[in-house]
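The values are calculated or read from the model by the stated rules, or taken from the named source; none is laboratory data. Everything numeric here is computed off the predicted structure, so don't read it as measured data. Cβ placement follows ideal geometry from the backbone for every residue including glycine, while neighbour counts extend to all protein chains displayed. Ligands, DNA and RNA are stripped out before the accessible areas are found, and what is left, the full protein with its side chains, is counted by its heavy atoms. Shrake-Rupley method; radii C 1.70, N 1.55, O 1.52, S 1.80 Å.
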Amino acid sequence: METPTVHEPQWWRGAAIYQVYVRSFADAGGDGVGDLAGVRARLPYLAELGVDALWFTPWYPSPMADGGYDVADYRDIDPAFGTLAEAEKLIAEALDLGIRTIVDIVPNHVSQAHPWFRQALAAAPGSPERARFWFRPGRGENGELPPNNWRSQFGGSAWTRSSEPDGTPGEWYLHRFAPEQPDLNWDHPEIRREHEDVLRFWFDRGAAGVRIDSAAELVKDPALPDFDPEHHPDGAPHPYIDRDELHDIYRSWRTIADSYAKPRALIGELWLPDPQRFAQYLRPDELHTAFNFGFLACPWDAAELRAVITTTLAVHAPVGAPATWVLANHDITRTATRYGREQTGFDFAAKAHGIPTDLALGTRRARAAALLSLALPGSVYLYQGEELALPEVEDIPADRIEDPMYHRTGGADPGRDGCRVPLPWHGDRPPYGFSPPEAAAEPWLPQPGDWAPLTAAAQDGDPGSMLTLYRQALRIRRAEPALGDGPMDWLDSPPRVLAFRRGAGFACVVNLSDAPVPLPEHVAVLLACGPLPGGVLPPDTAVWLRVT
């Protein structure tokens, strides 16, 4: 296996980036929880897969009220995962294999266990300690009502009432996510200094970039007005999303990233409906790239996908930023399951229990979507387990579910644990090599009993497996000069078929119709996600072609 070079100055423009959810990747310690030692042991697997970088979801000390996105210390590693020294070794060992590391930064909020919040709870109203957060007196005769009507992303009010040191009811504090995740007040200069120092801390340890969680939510309207999303005037500033003050924050971060001899990348998680507002974050002095949630949420429909792809490229072009493409992550229903449903798009509001799924159809479409996403211009993100065609696990016992989305909605929302089930590596029964044979504990989330055919070992060497498809596609993508960053041109195609050209000699064709279609004129088939009987492209199939 040839080790790729890692000296490209703008590597983020065309990289294939693999998302590692550490808790569920590989457990070397035998406690049922994935750890850094498990990742280090599987680095050869990731190198053989052919990815260019690893994005680690939060690995910091955390009570795990929200899967690690409740951070208690930004400069250390949770003991369940390992040590800071191990993280430094992991970053270096991955780089030796040609793989960069991206760490997750969570700037909107901290954990209740963070020293700052503990100090705030112990301090008096109006104190400097509370000024780092959004503490406010309640409304009502005795302050028994929240300060405003904002809602939490996880259901219920975005405010929780604190208790004073003597036990009496106190001020309320803001949390746009779980109560265990108090929001920081980004109007406070200490918050900005702290996060700039955190960036330097990880960049100095070799991190090649950071992914910025909830990047559009940091700044709030200091007046904290009531908000009715259904009657919000068009063009009026939102009280807590996409506020103009954010751009100054990210300009200061870009200055830090650009100060390193080897460029560091800033990658934003931005859920914004307005493409023009989205593009403003990608101006040359702000973020390098941002997640493309329009593509992720798009249904398996040729017209809608073409529209999303065209809009994405058009929005990125004026600011000179590369597009990104992602099919799944740790919050989203697994691709093989989602594409096997009547409604193939994704919407948090539409999540429900008991949705019928044709998993064979979903897997076939997921194979085609893999070739589509890997052929598009820009960088691409691959969530762990997608290369194994893992389905969503929808029968996790209620007493094993940890996701606050499930608990905060009284179980109405299925939650996100179904896409976070630990990976199967080998064997015919749980834990499928996720934990060592002598492990004292079962995996933190239960694995299905029928995953033996989906293990990495079972798929290794199988020419028809999803793992083989991803390995072949990533190898071609790295070797093909036209792929990754660069231009793209749509080709004429039959209805419900996507066809486009990359460079002078590469074409991708995806059949989303119900009938086979003839292949366009070509010199050779580079890769297909399924058989091509009689030289035609069957439904829900994609092919990469050498063309003249």
**Request:** State which residue is farthest from residue 172 (Cα to Cα) when the search covers only region 95-124 and only residues that are part of a loop (DSSP other than H, G, I, E, B) and open to solvent by less than 10 Å² (accessible area, probe 1.4 Å).
**Result:** 98
**Fill in**
Of 504, 473, 542, the only residue that is closer than 28 Å to residue 311 by Cα, among the small types (Gly, Ala, Ser) and open to solvent by 40 Å² or more (accessible area, probe 1.4 Å) is 504
**Asked** Given 425, 444, 490, which one is at pLDDT 95 or above, of a type in the set (Phe, Trp, Tyr) and in contact with a strand residue (DSSP E or B) (Cβ under 7 Å, 6 or more places away or on another chain)?
**Response** 490
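Output the number of residues of region 394-430 satisfying the condition of being of a type outside the set (Lys, Arg) and buried (at least 18 other Cβ atoms within 10 Å of the Cβ).
19
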**Residue count, region 140-157 (criterion: open to solvent by 60 Å² or more (accessible area, probe 1.4 Å) and either more than 22 Å from residue 241 (Cβ to Cβ) or in contact with a Pro (Cβ under 7 Å, 6 or more places away or on another chain) (or both))** = 4
**Item:** Selection within region 344-389 - touching a Gly at 6+ places or on another chain (Cβ under 8 Å), farther than 19 Å from residue 539 by Cα and free of Cβ contacts under 8 Å to residues at least 40 places away in the same chain
**Value:** none
**Members of region 507-519 that are open to solvent by 50 Å² or more (accessible area, probe 1.4 Å), touching a strand residue (DSSP E or B) at 6+ places or on another chain (Cβ under 8 Å) and either part of a loop (DSSP other than H, G, I, E, B) or β-branched (Val, Ile, Thr) (or both)** = 516
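Quick grid of which residues meet (1) free of Cβ contacts under 8 Å to residues at least 60 places away in the same chain; (2) surrounded by fewer than 21 Cβ atoms within 10 Å (Cβ to Cβ):
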{"position": "166", "(1), (2)": "yes, yes"}
{"position": "175", "(1), (2)": "no, no"}
{"position": "190", "(1), (2)": "yes, yes"}
{"position": "197", "(1), (2)": "yes, yes"}
{"position": "201", "(1), (2)": "no, yes"}
**Extreme residue, least open to solvent (accessible area, probe 1.4 Å), among residues of region 15-36 that are out of contact with any Pro (no Cβ under 9 Å at 6 or more places or on another chain) and among the acidic types (Asp, Glu)** = 35
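Select from region 337-356 the residues that are among the small types (Gly, Ala, Ser) and under 21 Å from residue 385 (Cα atoms) and write down the one among them that is farthest from the chain's Cα centre (by Cα). I'd like the intermediate steps shown before the answer.
Taking region 337-356 and keeping what is among the small types (Gly, Ala, Ser), we get 340, 345, 349-350, 352, 354.
If we keep only those that are under 21 Å from residue 385 (Cα atoms) as well, we get 340, 345.
On the way: 340: 21, 345: 17 Å.
Filtering first and then ranking leaves 340.
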**Message:** What's the total number of residues in region 288-330 that are under 30 Å from residue 66 (Cβ atoms), open to solvent by 20 Å² or more (accessible area, probe 1.4 Å) and either part of a helix (DSSP H, G or I) or at pLDDT below 95 (or both)?
**Reply:** 3
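Taking residue 160 as the residue in question, decide whether it is in contact with a helix residue (DSSP H, G or I) (Cβ under 6 Å, 6 or more places away or on another chain), of a type in the set (S, T, N, Q) and open to solvent by less than 60 Å² (accessible area, probe 1.4 Å). It would help to see each step written out before you state the result.
Details: in contact with a helix residue (DSSP H, G or I) (Cβ under 6 Å, 6 or more places away or on another chain): no; of a type in the set (S, T, N, Q): yes; open to solvent by less than 60 Å² (accessible area, probe 1.4 Å): yes.
So residue 160 does not fit the description; no.
Pick out the one residue from 156, 98 that is within 30 Å of residue 12 (Cβ to Cβ) and either under 31 Å from the mean Cα position of the chain (by Cα) or in contact (Cβ under 8 Å) with a residue 12 or more places away in the chain (or both). Reasoning before the result, please.
On the way: 156 fails: within 30 Å of residue 12 (Cβ to Cβ).
Answer to the check: 98.
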**Request:** Being over 30 Å from residue 276 (Cα atoms) and buried (at least 22 other Cβ atoms within 10 Å of the Cβ) narrows it down to one of 377, 391, so name that one.
**Result:** 391
**Item:** All positions within region 221-243 that are within 24 Å of the chain's Cα centre (by Cα) and either open to solvent by 60 Å² or more (accessible area, probe 1.4 Å) or charged (D, E, K, R) (or both)
**Value:** 242, 243
**Request:** Being under 16 Å from residue 224 (Cα atoms) and without any contact (Cβ under 8 Å) to a residue 40 or more places away in the chain is the filter; apply it to region 125-139 and report the residue that is most open to solvent (accessible area, probe 1.4 Å).
**Result:** 139
**Item:** Residues that are under 20 Å from the mean Cα position of the chain (by Cα), open to solvent by 10 Å² or more (accessible area, probe 1.4 Å) and of a type in the set (A, V, I, L, M, F, W, C), drawn from region 63-82
**Value:** 64, 65
**Item:** All positions within region 136-157 that are touching a Leu at 6+ places or on another chain (Cβ under 8 Å) and in a strand (DSSP E or B)
**Value:** 136, 139
**Among (1) of a type outside the set (Asp, Glu); (2) under 23 Å from residue 212 (Cα atoms); (3) under 20 Å from the mean Cα position of the chain (by Cα), the one test that residue 50 misses** = (2)
**Message:** Considering only region 249-263, I want to know if a residue exists there that is on the phi > 0 side of the Ramachandran plot and open to solvent by 10 Å² or more (accessible area, probe 1.4 Å).
**Reply:** no
**Exclusive hit being in contact with a Phe, Trp or Tyr (Cβ under 6 Å, 6 or more places away or on another chain), over 18 Å from residue 32 (Cα atoms) and either open to solvent by 50 Å² or more (accessible area, probe 1.4 Å) or assigned to a loop (DSSP other than H, G, I, E, B) (or both), set 482, 457** = 482
